[in-house]
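Here's the structure we're looking at; comments come further down.
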């Protein structure tokens with residue numbers, strides 16, 4: 001029996017920094033013993049299968065392997081197929097979404113600091129919306145993330161954990177890739 005999961009690499013292939021070739025990433029994952037490896041986009045999304053007991057350690061194993069292979073640190077956040085499906089179904093902002101490219105799901109490495117959640121939950125962001133549910137941040141940015149107050153917000157610092165963001169189109173595609181294999 002295997003578990004399907006997605007690895008979300010943070011901050012790679014952005015502005016010519018931390019370059020990771022997706023074919024090398026697939027080879028790296030396969031070399032670690034993962035199977036049915038597929039990547040999506042150049043921004044660091046990989047789906048794979050692993051034994052259920054390896055899903056919990058996949059993020060740290062991938063971080064170490066990426067540092068060894070590519071020579072730089074890269075945070076990796078992993079969600080199993082059921083965890084991603086639960087995050088999608090828990091979305092409290094989906095009813096607002098008119099353009100999925102402007103709806104963003106933030107994946108947190110660990111549970112966030114309570115004071116950070118309180119600070120963000122109490123703040124008025126105008127037409128932009130933010131909700132935090134478990135280890136996920138949901139954003140609705142009708143004018144796009146870069147034009148939003150969220151584009152300048154350091155979520156890592158405020159929430160005390162690593163955060164990587166994906167737009168809803170990418171999240172939906174990753175969920176489909178997880179279900180397809």
Cα-only Debye scattering, the range 3-82: base-10 log of I(q)/I(0) at q = 0.18, 0.23, 0.26 Å⁻¹: -0.64, -1.07, -1.38
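Note down the relative contact order for the chain as a percent, whole number, built from C-alpha pairs under 8 angstrom at least six residues apart. Write down the numbers at each step before the final one.
Working: 296 pairs, mean separation 43.2, N = 181.
In percent, rounded to a whole number, it is 24.
To the nearest 500 deg cm²/dmol, what mean residue ellipticity at 222 nm is calculated for the chain from DSSP H runs of n ≥ 4 alone, each contributing -39,500 (n - 2.57), summed and divided by the residues?
Working: 6 runs with 59 residues, N = 181.
Value at 222 nm, helices only, nearest 500: -9500 deg cm²/dmol.
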Tilt of helix 168-180 relative to the longest C-alpha principal axis of the chain, in degrees (0 to 90, nearest 10)? 40 degrees
Please give the helix 22-31 orientation as an angle from the longest Cα principal axis of the chain, in degrees from 0 to 90, rounded to the nearest 10. 60 degrees
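Suppose we look only past 30 Å in the calculated P(r) of the chain. What percent of the Cα-Cα pairs does that tail hold?
Numbers: 2771 of 16290 pairs.
Of the Cα pairs, 17 percent sit more than 30 Å apart.
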With label points built 7 Å along Cα→Cβ from the Cα atoms of residue 72 and residue 23, find their separation and express it in nm. 2.1 nm
Only counting other Cβ atoms within 10 Å, I'd like 98, 83, 115, 69 sorted with the fewest neighbours first. 98, 115, 69, 83
Let's test the formula: R0 of 25 Å, r as the Cβ-Cβ distance of residue 2 and residue 156. What FRET efficiency results, to the nearest 0.05? 0.20
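Between residue 180 and residue 118, 0.36 nm times their residue separation minus their Cα-Cα distance comes to what?
Working: separation 62, 0.36 × 62 = 22.32 nm, distance 3.79 nm.
Full extension from residue 180 to residue 118 adds 18.5 nm.
None of the figures in this text is laboratory data; all of them are computed from the coordinates on show. Values in this document were obtained by computation on a predicted structure and should not be read as measured data. For neighbour counting, all protein chains shown are included, and Cβ atoms are generated from backbone atoms with ideal geometry for every residue, glycine included.
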